[in-house]
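The values are calculated or read from the model by the stated rules, or taken from the named source; none is laboratory data. The shown structure was predicted, so the numbers you read here are calculated from the model rather than taken from an experiment. Note that each Cβ is placed from the backbone with ideal geometry, even for glycine, and that neighbours are counted across all protein chains shown.
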Amino acid sequence: MTYHIELDAPLDRQVALIAADQAGKARHALLGGIADRDEAIHEARKRFKKLRGLYRLVRPCAGDFYDAENARLRDAARNLSVIRDAAALVETIDRLRDDPAHEGVVDDLDHVRARLVERRNAIAEQGGGLDDAMADAVAACEATMEAAGALDLKLDPDEAAACLADGMTKTYKRGRKALGKARKSGDPEQWHEARKRMKYHAMHCRLLRHAWPGSMRLRARQAKTIADLLGDDHDLAVLAALADDEPDQVGDKGPRASLSHAIGLTSERLRSEAVALAEPMLADKPKRLRAAVAALCRLAA
C-alpha cells in the first residue's frame, strides 16, 4: 500500500491499513528481509518515522492513541540507533570529502574518516544489546499493527477533514516557529527541530496528496528537500560535537582543525539553501492553510 490516505474512506480504517503496511515492512526488514543488519535497521527506522508522521497527523482526534503509539515507536527507534548513528558519521565525512570545496584538505578528512570507521566497527563488534533491541522492535511492530487495527474514531467526513487539517496545521505552525528561532539563534538543536517539522510536513503532504494532487506532491518534495538539507546539517553538528567531546575518536589536532573548518563552511551553505526554499513555502499563515486543507479534504471525501 502506498503512503497516502483515501479521503473518501473511514479515517480510522485508513490509519490501520497504512500502519499495517509500514510496521509490516519494518518487521520484515528486521527479521532478515534485508540481509545487511545496518541497512535493515535503517529501513526499520525510516518506517517508524513514517508511522509517527501518520499518527501526528491524526493526533487532534486520537490523542491517547497518539501518546501511546508515538512513545512505543520512539523508544524502539532509539534502541536501534547506536550502530546506525556510528555508520551515519562515516557517511557524513564521505559527503564532506567528496565536496570540491574541501579538496585542499582531503588528506586530513581521510585521516578523520579512518578513525570514524574504526569507531563504527568497534561499536558494531560490541553489539551493545542490539539483538535484544531488534527483537523488541519486532514486538513493537506487532503491537503497532494490533493497536492501529483496533482504532475506532467514529468520525463523519466533516470531522475527519477537520482532524486532518488541524494535524497538518499544528506541525506547519511549529515548523515556522522553529525555523524562525533557528535563524535567530544559530543553535544546532533549533535547526534540528526545524528539520524534524519539515520532515513531518513532507509526510503530511504525501498522506493528503489526494486532496490536491499536483500541489501537495510539489509541496511534499519541497519540504523533503528542506528536511534533507537540514538533516545533513544535523549530521555535521553531531560530528562536530563528537570532535569536541571525544577528540581522540576523530583524529589528530591538524585534521580536527581542517574538519572544523569544513563543517563550518558546509553548514552555512546547507542552512542558507534550506532557508531560501522554506521562506516561500512557509509564507501562508497557519489559519489560511488550515481552512484550505479542511475544505480540500471535505471536497475529496
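Points to keep in mind about this one:
- Positions within segment 250-265 being part of a helix (DSSP H, G or I) and either touching a residue at least 40 places away in the same chain (Cβ under 8 Å) or not polar (S, T, N, Q) (or both), in sequence order: K253, G254, P255, R256, A257, S258, L259, H261, A262, I263, G264, L265
- With respect to the conditions (1) surrounded by 21 or more Cβ atoms within 10 Å (Cβ to Cβ); (2) not in a helix (DSSP H, G or I), A194 lacks only one, and its number is (2).
- In segment 272-297, the residues that are over 17 Å from A182 (Cα atoms) reach residues that are of a type in the set (V, I, T) and at pLDDT 95 or above with C-beta atoms within less than 6 angstrom, at least six apart or across chains, in these pairs: P286/T169; L289/T169; R290/T169.
- Test set (1) surrounded by fewer than 23 Cβ atoms within 10 Å (Cβ to Cβ); (2) over 23 Å from A87 (Cα atoms); (3) free of Cβ contacts under 8 Å to residues at least 40 places away in the same chain - R219 fails condition number: (3)
- Some residue of segment 125-139 being surrounded by 18 or more Cβ atoms within 10 Å (Cβ to Cβ), out of contact with any Ser or Thr (no Cβ under 7 Å at 6 or more places or on another chain), more than 30 Å from L299 (Cβ to Cβ) and not hydrophobic (A, V, I, L, M, F, W, C): no
- Condition met for A165 (over 24 Å from A237 (Cα atoms), in a helix (DSSP H, G or I) and small (G, A, S)): yes
- Of everything listed in (1) of a type outside the set (G, A, S); (2) exposed (fewer than 15 other Cβ atoms within 10 Å of the Cβ); (3) farther than 26 Å from K170 by Cα; (4) under 19 Å from the mean Cα position of the chain (by Cα), the single unmet condition for R74 is (3).
- If the condition is being more than 19 Å from the chain's Cα centre (by Cα) and of a type in the set (D, E, K, R), then segment 80-94 contributes only D94.
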